[in-house]
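Everything on this sheet refers to the single structure shown next.
A short reminder: the numbers here are calculations on the coordinates, not readings from a lab. Note that this is a predicted model, so its numbers are computed, not measured. Virtual Cβ from ideal backbone geometry, glycine too; neighbours counted across all protein chains shown.
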Amino acid sequence: MRVYDLILKKRNGGELTREEIDFLISGYVDGTIPDYQIAALTMAVYFQGMTKNETLELTYAMVRSGDTVSLSKIPGIKVDKHSTGGVGDSTTLVLAPLVAAAGVPVAKMSGRGLGHTGGTLDKLESIPGFKVDLSAAEFFQAVREAGAAVISQSGNLVPADKKLYALRDLTATVDSLPLIAASIMSKKLAAGADALLLDVKTGNGAFLKDPEQSFTLAEAMVEIGTGAGKRTVAIITNMDQPLGRAVGNALEMEEAIRILRGEGPADLEELCLILGGHMLLLAQKSSTAESGAAALKELISSGAALEALRRMITTQHGESRVVDDTSLLPRARHSVTVPAGASGFVCRLKAEAVGLGAMMLGAGRITKESKINLAAGVTLLKKVGDRVESGEALALLHTDHEPASSVVEEVRALISEAYACSREATGPPPLVLGYVDQKGVTRLKNL
Ligand code: URA
């Protein structure tokens, strides 16, 4: 087999076979195929797409490139949840203890934030002492003891994705649907859960801004998951404005604690209950997603969910008193207000600008190597549908930079421009746009 011929085949719209895809992926990972040939191949895929079969074979070849995790030592149906990335998306921080409190074991590997979207591991690390690097034995023990553990991905899980993603990032081929689907699903399949819930974000702050593309990606991922024998459901959710009120690592950890106390913002709580209800359904702990959501709401009211978080933090060596006293989380030195320029009702709040602003304050990474400030971020005092008076604070910037510094001024302008107001009140946007499962696509909103 010659790499040149396979690039040519794909460039001309041909369909690669399983053997050909295997040859390309294994050769790339072992270094016998150079970056420039795989760069040409990914560009050919970008323009020609991949058939369902090619996407499935690419996913399997990527899974085979490294280690896989077996969760069979943990009894029960393990359900993994994946978000394609959002702003203020602290759902995993809430859902891990919440569904564990309902008796669903959570053995989860998560990632760090990059760019304007946050990462679960960074948020958890804002808890003093919290360890995300556990050995396999410690991981299983933690799930047995606490019902839930969230750790960093082991070093050799899907090495093909690490190499390919870095290359795609440099060659303008990240936003290819088959490559995204294979990248996400190879990591999910290698992580060993029995069933998968995919939260596919769409809108301004999402990776895919066009809802149609998000539905197409969801369909491709559900097909891969189902093809691999895992029950897989995708929920397409709105990321036009950030979720909740907090954007930034410690701020989001604090907000997750407030949700588990029953004191959190309504949109984030509602999304957590919807996602959690589906996780309970996939784990066969409830007969419908709605009854699952109702059971989870009870676990919040009874305090059982908060206790599950306390156990999870203790088991992962963190300071569990944060559950009662969130002032133990890191706090920024300054908080700076962003005032409203006019009175009215907030009709738009661009999630991407808020994520970018939080990143510029130090909450996120510009490159993988960037050091982050766990305390930095933005609190959104007003969101879509809220009434605001001229001069009233729209948002608070949490920063260790001096309030008069150019970076704070820049972020202040960015967040101010992210808001738009109108004279008429508009309701908050719908949280869920639709579902994809093995039976097909359900759209909740005319697109
Ligand atoms: N997230 C991933 O893990 N991979 C992609 O290709 C895009 C988003």
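The table below gives the values:
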{"quantity": "Gyration tensor (alpha-carbon) shape descriptor, region 147-273, a/c threshold 1.5", "calculated": "prolate"}
{"quantity": "Greater than 26 Å apart at Cα, pairs in 81/163; 188/382; 162/350; 108/371", "calculated": "188/382; 162/350"}
{"quantity": "Test item: Cα-centred dipole of region 209-295, Lys/Arg +1 and Asp/Glu -1 on Cβ, debye", "calculated": "400"}
{"quantity": "Charge dipole magnitude, Cβ of K and R +1, D and E -1 - region 114-224, Cα centre, debye nearest 20", "calculated": "220"}
{"quantity": "Cα gyration tensor category, rounded, prolate or oblate, for region 3-49 with a/c compared to 1.5", "calculated": "oblate"}
{"quantity": "Set of aspartates and glutamates with alpha-carbon distance to residue 285 below 17 Å, sequence-local pairs under 8 removed", "calculated": "80, 194, 298"}
{"quantity": "Only Lys, Arg (+1) and Asp, Glu (-1) charged, at Cβ; the chain dipole about Cα centre in debye", "calculated": "460"}
{"quantity": "For residue 33, distant residues with modelled amide H under 5 Å away", "calculated": "28"}
{"quantity": "Extreme residue, positive dipole direction of region 3-49, given options 12, 42, 27 (C-beta unit charges)", "calculated": "12"}
{"quantity": "Centre separation in Å (Cα based) which lies between region 204-277 and region 279-356", "calculated": "12"}
{"quantity": "Rg/Rh ratio calculated on Cα atoms of the chain (Kirkwood radius)", "calculated": "0.97"}
{"quantity": "Neighbour-count order for 36, 419, fewest beta carbons within 10 angstrom listed first", "calculated": "36, 419"}
{"quantity": "Dimensions in Å of region 332-422 - Rg and Dmax from alpha carbons", "calculated": "13.0, 42"}
{"quantity": "Selection from 354, 416, 234, by position along the positive dipole direction of the chain (Cβ)", "calculated": "234"}
{"quantity": "Bridge type composition, the chain - antiparallel percent by DSSP, nearest 5", "calculated": "60"}
